[in-house]
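Working notes, beginning with the structure itself.
The values are calculated or read from the model by the stated rules, or taken from the named source; none is laboratory data. Given the structure is predicted, the values throughout are model-derived calculations rather than measurements. Virtual Cβ from ideal backbone geometry, glycine too; neighbours counted across all protein chains shown.
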Amino acid sequence: MDNVNAATYGDRFAEIYDEVHAPLSTPEVVEPMADVLADLAGKGPALELGIGTGRIALPLAHRGVEVHGLDGSEAMVAKMREKPGGVDIPVTIGDFEQLDVEGPYSLIYVVFNTLFALPSQEAQVNCFRSVAEHLTDDGAFLIEAFVPDPTRFDRGQRVSTGIVEHDFVSLDLDRHDPTTQTVASSHLYITPEGVQMYPVAIRYAWPSELDLMAQLVGMRLRSRWSDWRRNPFTAASPGHVSIYELA
């Protein structure tokens, strides 16, 4: 999918992001996340890669943690600025392959599969390297991501239905390239007014691959859970929360 990057995704999604992802913003979802992040951040500061509309950064800041952000989309950050406390969080607009921030940080974190927005293995390794350069000696790098499941695709494709209502239907169209571990997607929202298309491009990585990326830049895995409630990670886990530290 040509010319799709972090800014493309954010700029297209900004107006509807909070509405579409409302189920992920409930206290039942956000509170366990903020609890874990606050424990890891300690006295801070913490840096969120892909801070977006502040779904996680704002609850974390409300716990007294000094939160900074990095994001590719000014439109997404503008939505955060409209929320209580949003204007108080400093945000750098840029790509998180190379962190153009000062630091150091006691915690750097990236949630909701956002690390996979980096388009190649090289870019993801560069992100790990830049994170390592911006952590305190006892700092942590946390990643929340899905565990890849190539069986979701039939002949490299997948079409799935999300919401089906009287005047609103959502469809996801995906094309998978296993040789590059990339998925090009388009989220379609169909209403009586017409069709809106929101492109997404990701390059996924396996948990073991992320561990190797960490080793390449002088980091190591500290903990891995299947979810934010610190349940054990198993072969059946659809996702993981992984925490890395300097070796």
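From the list GLU28, GLU19, exactly one residue is modelled with pLDDT of 95 or more and either in a helix (DSSP H, G or I) or under 16 Å from the mean Cα position of the chain (by Cα) (or both). Which is it? Among GLU28, GLU19, only GLU28 is modelled with pLDDT of 95 or more and either in a helix (DSSP H, G or I) or under 16 Å from the mean Cα position of the chain (by Cα) (or both). When THR92 is tested against (1) crowded, with 21+ Cβ neighbours inside 10 Å; (2) among the polar types (S, T, N, Q); (3) in contact with a His (Cβ under 9 Å, 6 or more places away or on another chain), only condition (1) is not met. Among residues that are farther than 24 Å from GLY50 by Cβ, of a type in the set (Asp, Glu) and exposed (fewer than 11 other Cβ atoms within 10 Å of the Cβ), ASP149 is not included.
Could you say whether any residue in the stretch 62-74 is in a helix (DSSP H, G or I) and either touching an Asp or Glu at 6+ places or on another chain (Cβ under 8 Å) or surrounded by fewer than 20 Cβ atoms within 10 Å (Cβ to Cβ) (or both)?
Looking for residues that are in a helix (DSSP H, G or I) and either touching an Asp or Glu at 6+ places or on another chain (Cβ under 8 Å) or surrounded by fewer than 20 Cβ atoms within 10 Å (Cβ to Cβ) (or both), one finds at least one in the stretch 62-74, hence yes.
Checking each residue in the stretch 30-55 for being under 11 Å from VAL111 (Cβ atoms), touching a Phe, Trp or Tyr at 6+ places or on another chain (Cβ under 8 Å) and not charged (D, E, K, R) picks out MET33, VAL36, LEU37, LEU49, GLY50, GLY52.
Okay, residues lined up against (1) out of contact with any strand residue (DSSP E or B) (no Cβ under 8 Å at 6 or more places or on another chain); (2) within 17 Å of ASP39 (Cα to Cα):
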position	(1), (2)
TRP206	yes, no
GLU209	yes, no
ALA214	no, no
MET219	no, no
SER223	no, yes
ARG229	yes, yes
PRO232	no, no
ALA236	yes, no
HIS240	no, no
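The set of residues from the stretch 97-144 being touching a helix residue (DSSP H, G or I) at 6+ places or on another chain (Cβ under 6 Å) and either part of a loop (DSSP other than H, G, I, E, B) or not assigned by TED's automatic domain parsing to the domain that holds ALA34 (or both) comprises GLU97, GLN98, LEU99, LEU118.
For the stretch 133-145, the criterion of a residue being of a type in the set (Phe, Trp, Tyr), within 19 Å of HIS187 (Cβ to Cβ) and surrounded by 21 or more Cβ atoms within 10 Å (Cβ to Cβ) is satisfied by no position.
With respect to the stated conditions, ALA184 is outside the structural domain of VAL36 (by TED's automatic domain parsing), of a type in the set (A, V, I, L, M, F, W, C), surrounded by 15 or more Cβ atoms within 10 Å (Cβ to Cβ) and within 24 Å of GLN121 (Cα to Cα).
Just to be sure, is GLY44 in contact (Cβ under 8 Å) with a residue 60 or more places away in the chain, assigned to a helix (DSSP H, G or I) and not charged (D, E, K, R)? Here the answer is no, as GLY44 does not meet what is asked.
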